[in-house]
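The values are calculated or read from the model by the stated rules, or taken from the named source; none is laboratory data. Just so you know, these numbers come straight off a predicted model, no measurement behind them. Ideal geometry is used to build each Cβ from the backbone, glycine not excepted, and the neighbour counts take in all protein chains shown.
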Amino acid sequence: MKPTGAQSPRDHADPVDLNPAAATASANGGSARSRKSGRRVNASMVIGAGLVVLIVALALVSFVWTPYDANAIDPAARLQNGSLAHPFGTDTFGRDTLTWVMVGARITLLVGVVAVGIALLIGTPIGIISALFAKQPWGIWIDSVIMRANDILLAFPALLLAIIFAAVYSPGTGPAMVAVGIAAIPGFARVARSGTLQVLGTEYVRAARASNRRIPAIAVVHVLPNIAGMVIVQASVAFAISVLAEAGLSFLGLGTQAPTPSWGRMLQESQQYLSTHPELALWPGVFIALAVLGFNLLGDGLRDRFDPKMEARGA
Amino acid sequence: MPENLLEVRDLTITPAGTQTPVLHDVSLSLASGERVGLIGESGSGKSLTAQSVMGLLPEELHTRGRVHLQGHSGNLLDAKETTLAGMRSDIVSMVFQEPMSALNPLMRIGDQIAEVLRIHGKVPRAQIPTRVRDLLRDVHMPDPDSARFAYPHQMSGGQRQRVMLAIALANSPRLLICDEPTTALDVTVQKRMLDLIAERVSDVEAGLLFITHDLAVVAGICDRVIVMYRGRIVETGSVDEIFTAPQHEYTRGLLASSDLDATDERGRLFTLKTALAYSGPRLDKAASSAEPVEPGDSVDGTASVTDDDGTASVRESAPLIDVSDVTRVFRGRGLFGRRRSDVTALGGIDFAVSTGARLGIVGESGSGKSTLLNILSGLDRPTTGHVRVGDIRVEAASSQALRRLRERLQIVFQDPFASLDPRMRIADIVAEPLIAAGIDKDERDARVMEMITAVDLDADSLRRYPHQFSGGQRQRISIARALVTKPQILVADETVSALDVSVRAQVLNLLTDLVDEYALTLLFVSHDLGVVKHLCSDVIVMKAGQIVESGATEDIYANPQEEYTRSLIAATPSLAEALAAG
């Protein structure tokens, strides 16, 4: 706890420089990693971001243009293999698979955004509030109650929640999204709580307290910006899980309903032709995998950028 | 070049992606058994130089030049990792700055020492345990037989640094590199550690490259000194030459600013700037007289004005801060509530501070200084006892009273890197206490501007983020934040202990100026007696949660009553004494 210097100069704009601020960190041994994560373009992040951009582009283009109308049935051209007219082939009703993949990306992203949005907007404040109570001598039990409730929620898999929702309401994209979102709340709450505890232990929060800042102000001014990185990482990982969950639910008939195109529904419909036309399962499968991979890699890359442990540990 | 143990020629290091080298044509040599001090402030490139000898440079730095080590032909900069790995510990070893993080927390220390021996295979396996014990004994580890089985967390910082030294010397290297090995230690521990390093190095007849920013430390341990500044070697010479007749102006400035006994006409410490202007010859005199210099002896005694002022302003009226019989006990919390052992951080503290006084609180880490500060500032509550600040009873204060307290009492924290929110602009950081006090935007901006100017930063800084500033600048920002609400009491918690010597002088002068200007009552907590002596009119010496001695600073220094105080004073490295002894 003595003068070690360079505790956490985050995000060096220019780590090696005659500017003593930055040079202090670089002179102290262990900053090699900080330079790597801070400066070098991170491969997993580039690949991840590329895949995510691809999926988003597919979805956006599908609003403006698709090769065919998604629900145009063409019995003459059913179950075709890939060709110039239908690059990914056609399904049992003669619908163009490429068109379906493009339009299906919309649902995938919608579910991801809504589910992650629900989890983030509910889970993060819960985590922060819980951590704030944990720091008060009289509030430890409130923190315990919140976190144990959180653990209980964590015990429910997204699929189970979705089945319950589908049983109570009618199966559909909406209930599926909400179910997946609720199931992702505990993750955000935990990340936000641990991040908040970390930030609350720092000297700049002590300084803020010593200068009479009230706790809600500290939470907004100091805690939120400093845990934003962790929460963004969590969001990208949760996004990948949501994509997978949506596909699974639609596959089981609990998610997106006909006639809306969705990758999960494509998989389901391709089942009976698996032995004769495996490519019908292949294309939605590939895109689900790409989307999940993309968001996961993006999450990894972002973690390397944001995680304080991976960053400038100067001393 | 067989005659020299280490030979560095024209070493230039450039970070990837830039054209500006961080190290320019550094050349140095070190003969067998020679002890060389490498001095410079943070960012001067001294650690980079050492790392390039060890082959530990980060990959994205481009190096040019030659590094030769006796017993290895060819340029070390081009050597393969396997070659380097074989040499480390066998030929050249290193002790790092931070003993808390340099040891593996999950391994017994005996195993960590044995690991080095095993890897290099110089010692037969059967003899390793004996050798480990010998090594621990050589670094004066208490009870070397059982110390082997201890984990790092069971040891103090000084003990861990001893273990690091034992590891570094395990394979009898010919060159030992110490990178600020004592910066993180208390003064008393530092003294012992330095003696130990000197002793061990001469025992095993190794060369020593000692990196530090503290001149006094180097004077005691090294034969020769190399001064680095901004990636260049500016001066080389024997300890006597450098300290009595420095040639380069930077060296002169460094000497001036590390001498806490010498002050200029205004009673301020010399900084790099003022040293260039005023003090070359006077410093020579100061250093060569080889005894503590009376403040301002060459400027008609005006320099001691500060101290007199401080003492004079201790008035008869009721004290501003009154601490009586304060204790603070931390409950040990065992697993499932079992095994509770209480830790008494403060055991019955009594003292009073008058308005305008400057009180130094001195003690080693663990003496309860920080706990006391937390209680004074209402961040923590005493277990028993009373604390009064002005008319506020702190131990029983409502949250409103605490708010009033904090408007009067502000803190500057120790670690300039941790005490500023990395995601906030300087303007927002400094304005934060004002926002809390509910002051409107226009006035806020004006006050922030005023404070930023008062701490000698330009208005441009307001738009920038903390990581763009150096340690000293960040401490200025911290001071600006603390003073922006115009408090009556300023509490400085080890405010300068993380700073370079040259920067330390500047920040101390700034503190002195501001304390005068705003008529502040100052509580200055430090483990560095030199700093306290310069700054404070009264001093309290703390040990293990108790006040062992208190009184006027000059009395305590001239005539310490307690053994502990004496040992603290003796352990504080001072240029003059180190030179006299060497």
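If you go through the range B:354-374 one residue at a time, do you hit one that is outside any loop (DSSP other than H, G, I, E, B), over 30 Å from B:Gly158 (Cα atoms) and within 27 Å of the chain's Cα centre (by Cα)?
Scanning the range B:354-374, I find at least one residue that is outside any loop (DSSP other than H, G, I, E, B), over 30 Å from B:Gly158 (Cα atoms) and within 27 Å of the chain's Cα centre (by Cα), so the answer is yes.
Which of the residues belonging to the range B:137-176 are of a type in the set (A, V, I, L, M) and either without any contact (Cβ under 8 Å) to a residue 24 or more places away in the chain or within 29 Å of B:Ser52 (Cα to Cα) (or both)? Please lay out each step first, then the result.
Going residue by residue through the range B:137-176, those that are of a type in the set (A, V, I, L, M) are B:139, B:141, B:147, B:150, B:155, B:163-170, B:175-176.
Within the range B:137-176, B:Val139, B:Val163, B:Met164, B:Leu165, B:Ala166, B:Ile167, B:Ala168, B:Leu169, B:Ala170, B:Leu175, B:Leu176 meet the criteria.
The set of residues from the range A:275-304 being farther than 20 Å from A:Gly104 by Cα and without any contact (Cβ under 8 Å) to a residue 40 or more places away in the chain comprises just one member, A:Ser275.
If the requirement is being within 22 Å of B:Leu359 (Cβ to Cβ) and not assigned by the TED database to the domain that holds B:Tyr250, which of these qualifies: B:Glu443, B:Glu395?
Numbers: B:Glu443 fails: within 22 Å of B:Leu359 (Cβ to Cβ).
The match here is B:Glu395.
Restricting the range A:169-214 to residues that are over 17 Å from B:Met424 (Cβ atoms) and among the β-branched types (Val, Ile, Thr), the residue that is nearest to the other protein chains (Cβ to nearest Cβ) is A:Val191. With respect to (1) within 14 Å of chain A (Cβ to nearest Cβ); (2) free of Cβ contacts under 8 Å to residues at least 60 places away in the same chain, the lone exception for B:Glu241 is condition (1).
In the range B:127-169, which residues are farther than 16 Å from B:Leu103 by Cα and hydroxyl-bearing (Ser, Thr, Tyr)? Of everything in the range B:127-169, those that are farther than 16 Å from B:Leu103 by Cα and hydroxyl-bearing (Ser, Thr, Tyr) turn out to be B:Thr130, B:Ser146.
Would you tally the residues in the range B:456-475 being over 16 Å from B:Ser502 (Cβ atoms) and either away from chain A (no Cβ under 12 Å) or touching a strand residue (DSSP E or B) at 6+ places or on another chain (Cβ under 8 Å) (or both)? Count: 6.
Going through (1) under 24 Å from B:Leu508 (Cα atoms); (2) part of a helix (DSSP H, G or I); (3) in contact (Cβ under 8 Å) with a residue 60 or more places away in the chain one by one, B:Leu260 falls short only on (2). Of note, B:Asp445 does not satisfy the criterion of being at pLDDT below 90 and more than 9 Å from every other protein chain (Cβ to nearest Cβ). Taking the range B:121-146 as the range and being of a type in the set (A, V, I, L, M) and modelled with pLDDT of 85 or more as the test, the residues that pass are B:Ala126, B:Ile128, B:Val132, B:Leu135, B:Leu136, B:Val139.
Evaluated against (1) of a type in the set (Phe, Trp, Tyr); (2) part of a helix (DSSP H, G or I); (3) touching a residue at least 12 places away in the same chain (Cβ under 8 Å), A:Phe156 falls short on exactly one condition, (2).
If you go through the range B:365-420, how many residues are among the acidic types (Asp, Glu), farther than 22 Å from A:Gln136 by Cβ and within 11 Å of another protein chain (Cβ to nearest Cβ)? Steps first, please.
Quick first cut of the range B:365-420, residues among the acidic types (Asp, Glu) only: B:380, B:391, B:395, B:407, B:415.
Now drop any that are not farther than 22 Å from A:Gln136 by Cβ, which leaves B:391, B:407, B:415.
From what is left, the residues that are within 11 Å of another protein chain (Cβ to nearest Cβ) are B:407, B:415.
Count: 2.
Checking each residue in the range B:476-503 for being modelled with pLDDT under 85 and in contact with a strand residue (DSSP E or B) (Cβ under 9 Å, 6 or more places away or on another chain) picks out B:Glu494, B:Thr495, B:Val496, B:Ser497. Screening B:Ser52, B:Ser44, B:Ser27 for residues that are in contact (Cβ under 8 Å) with a residue 40 or more places away in the chain, within 9 Å of chain A (Cβ to nearest Cβ) and either crowded, with 16+ Cβ neighbours inside 10 Å or not in a helix (DSSP H, G or I) (or both) leaves exactly one candidate, B:Ser44. Residue count for the range B:476-495 under the criterion of being within 11 Å of another protein chain (Cβ to nearest Cβ) and either on the phi > 0 side of the Ramachandran plot or hydroxyl-bearing (Ser, Thr, Tyr) (or both): the result is 4. Restricting attention to the range A:225-239, the residues that are within 13 Å of chain B (Cβ to nearest Cβ) and surrounded by fewer than 22 Cβ atoms within 10 Å (Cβ to Cβ) add up to 3. Here B:Arg35 meets each of (1) on the phi < 0 side of the Ramachandran plot; (2) in contact with a Ser or Thr (Cβ under 8 Å, 6 or more places away or on another chain) with one exception, condition (2). So which residues in the range B:439-464 are under 17 Å from B:Pro416 (Cβ atoms) and surrounded by 19 or more Cβ atoms within 10 Å (Cβ to Cβ)? Once the filter is applied, which keeps residues that are under 17 Å from B:Pro416 (Cβ atoms) and surrounded by 19 or more Cβ atoms within 10 Å (Cβ to Cβ), the range B:439-464 yields B:Met451, B:Ile452, B:Val455, B:Leu457, B:Ser461.
Could you list all residues from the range B:173-191 that are among the aliphatic types (A, V, I, L, M) and within 13 Å of chain A (Cβ to nearest Cβ)? Step through it out loud before you land on a result.
If we filter the range B:173-191 for residues that are among the aliphatic types (A, V, I, L, M), which is where we start, we get B:175-177, B:184-185, B:187, B:189.
Matches in the range B:173-191: B:Ile177, B:Ala184, B:Leu185, B:Val187, B:Val189.
Output yes when any residue across the range B:554-561 is in contact (Cβ under 8 Å) with a residue 60 or more places away in the chain and touching a Ser or Thr at 6+ places or on another chain (Cβ under 8 Å), and no when none is. Checked the range B:554-561: no residue is in contact (Cβ under 8 Å) with a residue 60 or more places away in the chain and touching a Ser or Thr at 6+ places or on another chain (Cβ under 8 Å). Taken as a whole, the condition of being modelled with pLDDT under 90, within 9 Å of another protein chain (Cβ to nearest Cβ) and in a helix (DSSP H, G or I) does not apply to B:Glu432.
Going through (1) among the small types (Gly, Ala, Ser); (2) at the interface with chain A (Cβ under 9 Å from one of its Cβ atoms); (3) assigned to a strand (DSSP E or B) one by one, B:Ser101 falls short only on (3). Among the residues of the range B:135-169, those identified as hydrophobic (A, V, I, L, M, F, W, C) and in a loop (DSSP other than H, G, I, E, B) are B:Val139, B:Met141, B:Phe149, B:Ala150, B:Met155. When A:His222 is tested against the conditions (1) facing chain B (nearest Cβ under 10 Å); (2) free of Cβ contacts under 8 Å to residues at least 12 places away in the same chain, the lone failure is (2).
Run down B:Arg174, B:Arg118 and say which single residue is at pLDDT 85 or above and under 18 Å from B:Val92 (Cβ atoms).
Working: B:Arg118 fails: under 18 Å from B:Val92 (Cβ atoms).
Only one candidate qualifies: B:Arg174.
Scanning the range B:10-50 for residues that are over 20 Å from B:Ser93 (Cα atoms), charged (D, E, K, R) and at pLDDT 85 or above yields a count of 2.
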